[in-house]
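Visitor: Okay, handing you the structure first.
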Amino acid sequence: MPLTQSARLQKRIQSFAVIGILLTGLLVALATAVPMYRHAHALAERALADTARGEARTAGQFLAKSADIARQIASRSAVRDRLEAYNRREISLAELADFSTPRIRDALDQAGQIAGMVRFDRDGNPVLALGLPLPRAAAALPASASGDVRFAGPFATEHGHHLLVGAPILAREGEWIGSDVLAFDLTPLEDMLSSDLVRTAYPAASQVLYHRHTGVAMAWGPPAGMVAILPSLAALPASTREALEGELGRVRPDGATGEDVVFALELEEAPGWIYALVTPGRAFAQPILTQLLFPLAAIGALVLLGALLTARAMRPLMQRTLDQSRRLLELSEKQRLAASVFEGSPQGIVIMDTTHRIVDANRACTAMTGFSLASLRGRSYCEALLDPAQRDRTGADICASIERHGEWRGEGELLRADGGRFPAWQNITAVRAADGTTRHYIGMFSDISEQRMAEERIRHLAHHDALTDLPNRTLLNDRLGVAMDHARRSAQPLALLFIDLDRFKYVNDSLGHPLGDRLLQTVAQRLRAVLREGDTLARLGGDEFVVMVEGLAGPEDAERIACKLLQALQQPAVLDGHELFVGGSIGISLFPQDGDTIEALVRRADAAMYRAKEAGRNTFRFHTDEQASRSRERFELEHGLRHAVQRGELRLLYQPQAHCRSGALVGVEALVRWQHPERGTITPDRFIPLAEEIGLICEIGEWVLDTACAQARTWERAGRPLRMAVNLSGQQISTDGLVDAVRGALDRSGLSPCLLELEITEGHILRRVEHCIDTLRALKALGITLAIDDFGTGYSSLSYLKRLPVDRLKIDRSFVEGVPADHDDTAIVATILAMARNLGLEVIAEGVETEDQLRHLTAAHCDEYQGYLLGRPEPADAIDARFSVAAGPAETARQTR
């Protein structure tokens, strides 16, 4: 601490010395700058006043000259005598004008700066006007015969700026007989006041010429000597206005505040006129500050140089003391740091001499090993801490590595004082002096027991299911590979049983995932309880389990194990007061007859499990060749279906729909077919369920919508509008993007919405009633029509039917085929037709194949029909051909057959 305080004190002395020099320099600068500023400011004010006086003298001379010219023209004797004769009514106005005009014009031309004039008689009436019209001439008339010249203006006209000067006309006896008003062009005055002197000395300055009696001002200023006529002083800045109206002959204000600096004075040659020179305060002060810049900069440089030299002169004196203090501080800090690291390190540390004897150990070492420092001191590292069984070999490795590389590191077990052992990562390093000789050794070690446990836990989790602690797919594949190799050598078959729980999804959805997880744990315990010690039970995920059984005598052993597993699954599980019943479906594949690879065995057991579900669940099935063929066919269809849309393999056929009474063609139903390149035409009942299962139904449905709308639009443009009926699957209705897909198909095709009809089966609607109702209302808002397909085949609910925004019911073909012979079918059809009429819905019957069926439906007031009697599903060009045939239903049916 004393060394640190000494270093701070020395730095403080140096800082005070430098600060004293800087403050002294600042005082010198202020003492120099203030008188210099005042002197420069006085000189600047004097220069501004001298410039203003010179410009004011120029303006006054111009005004005085203008007054003299006006007097001279008014005093011309011949013209004056004629005006006197006119006042006495001795001559007429015309005679006065004829005589006066040429003579006055000559006088005006000689003057050279008069733009116009008006002569008034004694009564103030204008008798003569020359040059520029002067509508404001009366404002410049002298007040009486004894008055001198009178100024009016200046005024701005389209010809420039002019000043009116009025002069009295006096007879020879001194009697006032009239007045002259002359308009003087102010351009010469503007040019004089825009001299190079003002522009050079005060480039940003402006000038004001103010007539006190009229209150009119004229201002010159930047940019480019712009001139403005001001009817009053209100338009001028406050500082300029105060200078013109206040005390004249002094500079105001002083320019230090940044306001305009003004010098105003009255023109001696033209009383009543005031001239002001106005310059911005910053422009006025800039030359003054520029004059001060060099002296102040020189003073500042000298002060900084003095401070720098002082600091440099003091630095060598202080550096030696500071270096010594720093070395002592660094040494002390290193010692404290080393001690804190040694004692505070979480690793065990021992310090050994050159003979490998322990001389010191930290707290972590004694805590991990249980040995006290006294019991360790004087013993070698290997003797005190290494396992006796490894002491010789490990000690030799340590010594050899240190001799070659200067250190040794490795993993091994260390002893505890209670006789126990723990895994440790160890590092022993030789500490050498500057000459390369070894001074001592440092040994460091850390307990890695938790790391070992974590690694073991990670390895376990990588091969086991986290929920049930059963082997996962990875471990199953490993064991299955080993078992298949053993089965090949021993010629004993093995069985793979693929288990999928029945009704588990219902439990999971209704009671929640936590309870579902506990049920899976219970099932795992029951399945494990009925298996042998050497059998493998694995969970693949979800509710799927796999059992691998080795050493079978034949398929009967696998069947017996499957029965035990099913019996275990049939027992109810009671969880949180719920009695849960779940069964299982088991598929069995045998090695080697059902496959010689892991993938083949699992895939075929999985396929057999699906056969068990199809057989009614809670049973088992062995893999068969027929099942393999069906699985292969399904796989090929699934693979081909994923590319069918992109490859253009889907086709649309259209089955016509007609009016029962007139036989007129009113619409078609779009039916999709898959034209497989190898299998030929595949009907929807084979690939639509597969598309729903693998998630392709929406993509196919959008393609059908686009294609059907485009074809219907083609017929509409040709003047043959037909209603286009398109079937929707249950998945399409359940998706949120259905409305956007329909809207997009209509927008892309341009089809009128009223020509599109969507058909939905009632079973799909009743699964998600509220969602379907909202979706159907949104579709209805697009302007399309809606129909319920296969009506009467599901669990119809009339309470929901009345809420659905549908337009049409479609009677299923299963009811139509028995009409009129079957009494039950006839009654059902009649009931549907009556209910539809009461609900205001139209009805179309499908599957009509005979004339008797059509006649019965027509008599029962059915609206429309479709079926083989009218026509089979056919391409669009076949529908085009129907438009050219005007035939009734019966004739159409004969043509079709």
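The values are calculated or read from the model by the stated rules, or taken from the named source; none is laboratory data. All of these numbers come straight from a predicted model, not from anything done at the bench. Counting neighbours? That spans all protein chains shown, and the Cβs are built from the backbone with ideal geometry, glycine included. For accessibility, only protein heavy atoms count, side chains too; no ligands or nucleic acids. Shrake-Rupley method; radii C 1.70, N 1.55, O 1.52, S 1.80 Å.
Visitor: Restricting attention to the range 713-726, and to residues there that are out of contact with any Gly (no Cβ under 9 Å at 6 or more places or on another chain) and closer than 16 Å to residue 652 by Cα, which single residue is surrounded by the fewest Cβ atoms within 10 Å (Cβ to Cβ)? Please lay out each step first, then the result.
Guide: At the first step, the residues of the range 713-726 found to be out of contact with any Gly (no Cβ under 9 Å at 6 or more places or on another chain) are 714-715, 718-721.
The next check asks that each one be closer than 16 Å to residue 652 by Cα; those that pass are 714-715.
Numbers: 714: 14, 715: 20.
Per the stated criteria, the residue is 714.
Visitor: When residues of the range 599-628 are filtered for being in a helix (DSSP H, G or I), touching a strand residue (DSSP E or B) at 6+ places or on another chain (Cβ under 9 Å) and hydrophobic (A, V, I, L, M, F, W, C), how many remain? Steps first, please.
Guide: Narrowing the range 599-628 to residues in a helix (DSSP H, G or I): 599-614, 625-628.
Cutting the leftovers down to touching a strand residue (DSSP E or B) at 6+ places or on another chain (Cβ under 9 Å) gives us 600-614, 627.
From what is left, the residues that are hydrophobic (A, V, I, L, M, F, W, C) are 600-602, 605, 607-609, 612.
Summing the residues that are in a helix (DSSP H, G or I), touching a strand residue (DSSP E or B) at 6+ places or on another chain (Cβ under 9 Å) and hydrophobic (A, V, I, L, M, F, W, C) in the range 599-628 gives 8.
Visitor: Further, regarding this structure: Quick test for you: out of 307, 396, 311, pick the one residue that is surrounded by 11 or more Cβ atoms within 10 Å (Cβ to Cβ) and either free of Cβ contacts under 8 Å to residues at least 40 places away in the same chain or out of contact with any helix residue (DSSP H, G or I) (no Cβ under 9 Å at 6 or more places or on another chain) (or both).
Guide: Working: 307 fails: either free of Cβ contacts under 8 Å to residues at least 40 places away in the same chain or out of contact with any helix residue (DSSP H, G or I) (no Cβ under 9 Å at 6 or more places or on another chain) (or both); 311 fails: either free of Cβ contacts under 8 Å to residues at least 40 places away in the same chain or out of contact with any helix residue (DSSP H, G or I) (no Cβ under 9 Å at 6 or more places or on another chain) (or both).
Matching residue, one of 307, 396, 311: 396.
Visitor: Hey, could you check the range 546-560 for residues that are outside any helix (DSSP H, G or I) and not small (Gly, Ala, Ser) and say which is farthest from the chain's Cα centre (by Cα)? Can you show your working first?
Guide: To start, the set of residues in the range 546-560 that are outside any helix (DSSP H, G or I) comprises 546-554.
Narrowing further to those that are not small (Gly, Ala, Ser): 546-550, 552.
Working: 546: 49, 547: 52, 548: 54, 549: 58, 550: 60, 552: 64 Å.
Filtering first and then ranking leaves 552.
Visitor: For the range 422-438, indicate whether the set of residues that are among the charged types (D, E, K, R) and loosely packed, with under 14 Cβ neighbours inside 10 Å is non-empty. Explain how you work it out, then say what you get.
Guide: So the first thing to find is which residues in the range 422-438 are among the charged types (D, E, K, R), and the list is 432, 435.
Next, from what is left, pick out any that are loosely packed, with under 14 Cβ neighbours inside 10 Å: 432, 435.
Checked the range 422-438: at least one residue is among the charged types (D, E, K, R) and loosely packed, with under 14 Cβ neighbours inside 10 Å.
Visitor: Among the residues in the range 46-67, are any in contact with a strand residue (DSSP E or B) (Cβ under 9 Å, 6 or more places away or on another chain), charged (D, E, K, R), closer than 21 Å to residue 171 by Cα and in contact (Cβ under 8 Å) with a residue 24 or more places away in the chain?
Guide: no
Visitor: For the list (1) under 12 Å from residue 550 (Cβ atoms); (2) open to solvent by less than 50 Å² (accessible area, probe 1.4 Å); (3) acidic (Asp, Glu), I need the number of the one condition that residue 465 fails.
Guide: Among (1) under 12 Å from residue 550 (Cβ atoms); (2) open to solvent by less than 50 Å² (accessible area, probe 1.4 Å); (3) acidic (Asp, Glu), residue 465 violates only (1).
Visitor: Looking at (1) over 19 Å from residue 424 (Cβ atoms); (2) open to solvent by less than 90 Å² (accessible area, probe 1.4 Å), find the lone condition where residue 336 falls short.
Guide: Among (1) over 19 Å from residue 424 (Cβ atoms); (2) open to solvent by less than 90 Å² (accessible area, probe 1.4 Å), the lone unmet condition for residue 336 is (2).
Visitor: Which one of the conditions (1) in a strand (DSSP E or B); (2) under 30 Å from residue 347 (Cβ atoms) does residue 435 fail to meet, given that it meets all the rest?
Guide: (1)
Visitor: Hey, another quick one. Which members of the range 267-291 meet the condition of being part of a loop (DSSP other than H, G, I, E, B) and either closer than 30 Å to residue 39 by Cβ or not hydrophobic (A, V, I, L, M, F, W, C) (or both)? Even if it seems obvious, please write down each step before you answer.
Guide: Filtering the range 267-291 for residues part of a loop (DSSP other than H, G, I, E, B) gives 267-272, 280.
268, 269, 271, 272, 280 - these are the residues of the range 267-291 that are part of a loop (DSSP other than H, G, I, E, B) and either closer than 30 Å to residue 39 by Cβ or not hydrophobic (A, V, I, L, M, F, W, C) (or both).
Visitor: Can you name the residue in the range 728-787 that is crowded, with 21+ Cβ neighbours inside 10 Å and touching a Gly at 6+ places or on another chain (Cβ under 6 Å) and is also nearest to residue 840 (Cα to Cα) among such residues?
Guide: So the residue we want is 762.
Visitor: Ok, one more. Are any residues in the range 468-511 open to solvent by 70 Å² or more (accessible area, probe 1.4 Å) and among the hydrophobic types (A, V, I, L, M, F, W, C), and if so, which ones?
Guide: The answer is 482, 491.
Visitor: Quick check on residue 326: is it touching a residue at least 12 places away in the same chain (Cβ under 8 Å), touching a helix residue (DSSP H, G or I) at 6+ places or on another chain (Cβ under 9 Å) and surrounded by fewer than 15 Cβ atoms within 10 Å (Cβ to Cβ)?
Guide: On the way: touching a residue at least 12 places away in the same chain (Cβ under 8 Å): yes; touching a helix residue (DSSP H, G or I) at 6+ places or on another chain (Cβ under 9 Å): yes; surrounded by fewer than 15 Cβ atoms within 10 Å (Cβ to Cβ): yes.
Answer is yes for this residue.
Visitor: Now for a different question. Condition first: part of a helix (DSSP H, G or I), of a type in the set (Ser, Thr, Tyr), in contact with a Phe, Trp or Tyr (Cβ under 7 Å, 6 or more places away or on another chain) and closer than 25 Å to residue 381 by Cβ. Can you find one or more residues in the range 442-453 that meet it? Full working, then the answer.
Guide: Start the filter on the range 442-453 by keeping residues that are part of a helix (DSSP H, G or I), which leaves 449-453.
Filter once more, so that each one left must be of a type in the set (Ser, Thr, Tyr): 449.
So of that shortlist, the ones also in contact with a Phe, Trp or Tyr (Cβ under 7 Å, 6 or more places away or on another chain) come out as 449.
Applying the additional criterion that residues be closer than 25 Å to residue 381 by Cβ yields 449.
Scanning the range 442-453 turns up at least one residue that is part of a helix (DSSP H, G or I), of a type in the set (Ser, Thr, Tyr), in contact with a Phe, Trp or Tyr (Cβ under 7 Å, 6 or more places away or on another chain) and closer than 25 Å to residue 381 by Cβ.
Visitor: Looking at the range 468-506, which of its residues are in a loop (DSSP other than H, G, I, E, B) and in contact (Cβ under 8 Å) with a residue 60 or more places away in the chain?
Guide: So in the range 468-506, the residues in a loop (DSSP other than H, G, I, E, B) come out as 468-470, 472, 491-493, 503.
Hits for the range 468-506 are 468, 470, 472, 492, 493, 503.
Visitor: Same structure again: Can you name every residue in the range 403-420 that is under 60 Å from the mean Cα position of the chain (by Cα) and open to solvent by less than 70 Å² (accessible area, probe 1.4 Å)?
Guide: Here is the first cut: in the range 403-420, the ones under 60 Å from the mean Cα position of the chain (by Cα) are 405-414.
Scanning the range 403-420 gives 406, 407, 408, 410, 412, 414.
Visitor: I would also like to ask the following. Hand me the list of strands (runs of 3 or more DSSP E) wholly inside the range 77-159 holding 1 or more residues that are open to solvent by 60 Å² or more (accessible area, probe 1.4 Å).
Guide: On the way: elements: 114-120, 126-131, 150-157.
So the answer is 126-131, 150-157.
Visitor: Which residue out of 182, 193 is more than 19 Å from residue 238 (Cβ to Cβ), buried (at least 21 other Cβ atoms within 10 Å of the Cβ) and at pLDDT 80 or above?
Guide: Details: 193 fails: at pLDDT 80 or above.
182 is the lone residue from the list that is more than 19 Å from residue 238 (Cβ to Cβ), buried (at least 21 other Cβ atoms within 10 Å of the Cβ) and at pLDDT 80 or above.
Visitor: Among the residues of the range 833-848, which ones are over 10 Å from residue 862 (Cα atoms) and in contact with a helix residue (DSSP H, G or I) (Cβ under 6 Å, 6 or more places away or on another chain)?
Guide: The answer is 846, 847, 848.
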